[in-house]
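Q: Structure incoming, see below.
The values are calculated or read from the model by the stated rules, or taken from the named source; none is laboratory data. Since this is a predicted model, take the numbers as computed values, not measurements. Every residue, glycine as well, gets a Cβ built from its backbone with ideal geometry; the counts of neighbours run over all protein chains shown.
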Amino acid sequence: MAGNSQRRGAVRKQGKGMGPQGKTAGSGGRVRRGLEGKGPTPKAEDRVYHRAYREKQARLRHANAGRSTAARSSGSRSGGSGRGAGDWVVGRNPVLEALTAGVPVQAAYVAEGAERDSRLKEILAYAAEHSISLLETTRGELDRLTGGAVHQGVALAIPPFDYADVEDVIEDAVTNSGLLVACDQVTDPHNLGAIIRSAAAFGADGVIVPERRSAHVTPAAWKASAGAAARVPVAKAGNLNRALEQGQAAGFTILGLDGGGEATIAEAAQEGVPVILVVGSEGRGLSRLVREHCDEIVRIPIAAAMESLNASVAVGIALYELSRVGGDGEAETARFHQ
């Protein structure tokens, strides 16, 4: 029908707002698009031309390198049962002490702009002399790596300790010194480190610690051992009582240290018989099951005014007494100090 605007091909009349060709006049969306903007401004660390971007990439490389080193370190060990993500030594005095004590270093970090006091200069000099690479990073990144610890601008990442196998330690001790130390609920890492140090001083072939409710070889224990943890095998037992049973089956006499023991160490120990010396916590002493697994409970005679000895001190005295068993104190002591 003529004039029907719904009919295909009909001519539309020109009205207000339409151009000469019948098209609506407008901006074509240019104004709207101009008002939309270009989105949020990227972070500085995401802009490739910014210094923050380069620092972020450097941190990622360092972190990846540290993880790769940890993986290679744990993967290359054999015969041990050490696992975990390692630990941190932070602060200028602890770091210097750890380095001089021979604590193994997985990675060493120093914060940019850290004040060069005498301690830091000693750390830098020691690292240079012993070919330890110091990775420079931002203070904020070092905060993140160390979990917010007070690091004073310097920190060491140390690998997980490589624990020995209990059976291997017992077998080696049978053919060597015939002397082992077992710790029952010794939870202070400083005491554990001192015990390891005494074990090294008197020629013991190893130290056994339980997997649970016990201190393990942490940075604090490393330092307290004065480097002895690198020389004396430390075995982690899933069950200490079972480890003592293995020792008895191999011919060891189990001597438990306790102030209430009926015999002294010199009275209980026998020449030529291998010994596992068991020490309990300073507060609670030996646990009931461990006490039942001991062949004899021995004591160290002390003045009546003193109730007990520190666990690590008691082990040092006991090991000295064991070294004298055999009648020739000087010869035995010399053998245990080799």
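Q: Of these, Ile297, Ile276, Ile254, which one is of a type outside the set (Gly, Ala, Ser), touching a Ser or Thr at 6+ places or on another chain (Cβ under 8 Å) and in a strand (DSSP E or B)?
A: On the way: Ile297 fails: touching a Ser or Thr at 6+ places or on another chain (Cβ under 8 Å); Ile254 fails: touching a Ser or Thr at 6+ places or on another chain (Cβ under 8 Å).
Within the list Ile297, Ile276, Ile254, the selection yields Ile276.
Q: Which of the residues belonging to region 122-159 are basic (Lys, Arg) and without any contact (Cβ under 8 Å) to a residue 24 or more places away in the chain?
A: Start the filter on region 122-159 by keeping residues that are basic (Lys, Arg), which leaves 139, 144.
Matches in region 122-159: Arg144 only.
Q: What pairs come up if the first residue lies in region 256-267 and is under 15 Å from Ile317 (Cα atoms), the second is of a type in the set (Asp, Glu) and loosely packed, with under 12 Cβ neighbours inside 10 Å, and their beta carbons are under 9 Å apart, counting only those six or more places apart or on different chains?
A: Note: pairs meeting the criteria are Gly259/Glu307.
One line per residue, one yes/no per condition, for (1) within 30 Å of Gly113 (Cβ to Cβ); (2) aliphatic (A, V, I, L, M):
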residue	(1), (2)
Gly148	yes, no
Asp168	no, no
Glu171	no, no
Val181	no, yes
Gln185	no, no
Gly193	no, no
Arg231	no, no
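Q: Output the qualifying pairs, or none if there are none: Cβ atoms under 9 angstrom, residues six or more apart or on different chains, first residue in region 177-192 and in contact (Cβ under 8 Å) with a residue 40 or more places away in the chain and closer than 21 Å to Arg324 by Cβ, second residue crowded, with 20+ Cβ neighbours inside 10 Å and of a type in the set (Asp, Glu).
A: Filtered contacts from region 177-192: Ser177/Asp205; Gly178/Asp205; Leu179/Asp205; Leu180/Asp205.
Q: Okay, moving on. Look at region 85-111 and say how many of its residues are buried (at least 20 other Cβ atoms within 10 Å of the Cβ), among the β-branched types (Val, Ile, Thr) and not in a loop (DSSP other than H, G, I, E, B).
A: Of the residues in region 85-111, 4 are buried (at least 20 other Cβ atoms within 10 Å of the Cβ), among the β-branched types (Val, Ile, Thr) and not in a loop (DSSP other than H, G, I, E, B).
Q: Looking only at region 94-137, how many residues end up being at pLDDT 90 or above, closer than 28 Å to Val232 by Cβ and acidic (Asp, Glu)?
A: Count: 2.
Q: Would you check if there is a residue in region 144-154 being part of a helix (DSSP H, G or I) and surrounded by fewer than 20 Cβ atoms within 10 Å (Cβ to Cβ)?
A: yes
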